[in-house]
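Q: The structure under discussion is supplied below as structure tokens; questions concerning it will follow.
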Amino acid sequence: MEVLLGTTNPSKVSMFERWLEGEDVHFLTLSEVAVPGEPEETGNRPGENARRKAEYYGRYADYVICNDSGLYLTGLPMEDARQPGLHIRTPGGAAHRLDDEEMIAYYTGLAHSLGGRVRACYVSGFAVKTPQAVYLYEESIGELAEQAFWLTDTPCAERRPGWPLDSLSLYKDGKTSFLDPNPPEWLKGGDRNLNRCIAFLKESLGLQPRSE
């Protein structure tokens, strides 16, 4: 099965390859498929933007996976202008889209202004387009906020292209970096929300029966 990944982010490509490792899936990326233009991401939730992207790229492939994410600082009110939300690379609705190093600089300053570290969580929406339908899954901000990580003002030297904020992020233990090759023991036991995301992808693509 050929599946188009509606992203140019190398870290997202690696993520989906890891999640569906061992399945009979061959991934295509936007750099390999001539797609004119790009969809407008004007939704109010990650799932809405994921659907918009899947419907757009779905005109060029039978099977498409897309996702979108928002970054939420749990210590700030949702209406606070500093809340990144869906505008992680365009904070405050800026016209300029931050590159990876600009993101690190901006969020280092934001974390510093909030005392040096702030609790945060990503909320993602996933859409899978097949010849039959577009399937949608969105994570719960309530569940993810309970396991919020720390966004700090002290970046490490290592970089993860496409996911620059991993250089500023610590797991909820407040000690272990997202870039540490040895994640905390509690994470090795499996992440319930992650397992749901993977199951959604497999069910939507017909790689396993849909759960009741």
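The values are calculated or read from the model by the stated rules, or taken from the named source; none is laboratory data. These numbers were taken from a predicted model, which means no experiment stands behind them. We place every Cβ from the backbone using ideal geometry, glycine too, and count neighbours over all the protein chains shown. The protein model used for the area step is the full one, side chains on, heavy atoms only, and it has no ligands, DNA or RNA in it. Shrake-Rupley method; radii C 1.70, N 1.55, O 1.52, S 1.80 Å.
Q: Just the residues that are part of a loop (DSSP other than H, G, I, E, B), surrounded by fewer than 15 Cβ atoms within 10 Å (Cβ to Cβ) and polar (S, T, N, Q), please, taken from the range 6-30.
A: If the condition is that a residue be part of a loop (DSSP other than H, G, I, E, B), surrounded by fewer than 15 Cβ atoms within 10 Å (Cβ to Cβ) and polar (S, T, N, Q), then Thr8 is the only one that fits.
Q: Here is a further query. Which of the residues that make up the range 130-161 are touching a Cys at 6+ places or on another chain (Cβ under 8 Å) and not in a loop (DSSP other than H, G, I, E, B)? Break it down stepwise before answering.
A: As a first pass, look at the range 130-161 and keep what is touching a Cys at 6+ places or on another chain (Cβ under 8 Å): 137, 139, 141, 144-145, 147-149.
Passing the criteria: Tyr137, Ile141, Leu144, Ala145, Phe149.
For every residue, the table says whether it meets (1) closer than 27 Å to Asp173 by Cα; (2) touching a Phe, Trp or Tyr at 6+ places or on another chain (Cβ under 7 Å).
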| position | (1), (2) |
| --- | --- |
| Glu41 | no, no |
| Arg51 | no, no |
| Ser69 | yes, yes |
| Leu73 | yes, no |
| Ala81 | no, no |
| Gly93 | no, no |
| Ile104 | yes, no |
| Arg119 | yes, yes |
| Tyr122 | yes, no |
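Q: Looking at (1) in a loop (DSSP other than H, G, I, E, B); (2) surrounded by 16 or more Cβ atoms within 10 Å (Cβ to Cβ); (3) at pLDDT 90 or above, which one does Arg97 not meet, given that it meets all the others?
A: The one condition Arg97 does not meet is (2).
Q: Can you confirm whether the range 38-53 contains a residue that is assigned to a strand (DSSP E or B), aliphatic (A, V, I, L, M) and touching a strand residue (DSSP E or B) at 6+ places or on another chain (Cβ under 7 Å)? Lay out the reasoning, then the answer.
A: We begin by selecting, within the range 38-53, every residue assigned to a strand (DSSP E or B); these are none.
No, the conditions are met nowhere in the range 38-53.
Q: Tell me which residues, restricted to the range 100-134, are more than 17 Å from the chain's Cα centre (by Cα), among the hydroxyl-bearing types (Ser, Thr, Tyr) and open to solvent by 50 Å² or more (accessible area, probe 1.4 Å).
A: Tyr106, Ser113 - these are the residues of the range 100-134 that are more than 17 Å from the chain's Cα centre (by Cα), among the hydroxyl-bearing types (Ser, Thr, Tyr) and open to solvent by 50 Å² or more (accessible area, probe 1.4 Å).
Q: Please pick out the residue among Lys202, Lys172, Lys188 that is over 20 Å from Gly70 (Cβ atoms) and at pLDDT below 95.
A: Values: Lys202 fails: at pLDDT below 95; Lys172 fails: over 20 Å from Gly70 (Cβ atoms).
Unique residue meeting the criteria: Lys188.
Q: Under the condition of being part of a helix (DSSP H, G or I) and free of Cβ contacts under 8 Å to residues at least 60 places away in the same chain, which residue from the range 167-186 is farthest from the chain's Cα centre (by Cα)? Let's see the steps before the verdict.
A: First, pick out the residues of the range 167-186 that are part of a helix (DSSP H, G or I): 167-168, 185-186.
Applying the additional criterion that residues be free of Cβ contacts under 8 Å to residues at least 60 places away in the same chain yields 185-186.
Details: Glu185: 23, Trp186: 21 Å.
Here the residue is Glu185.
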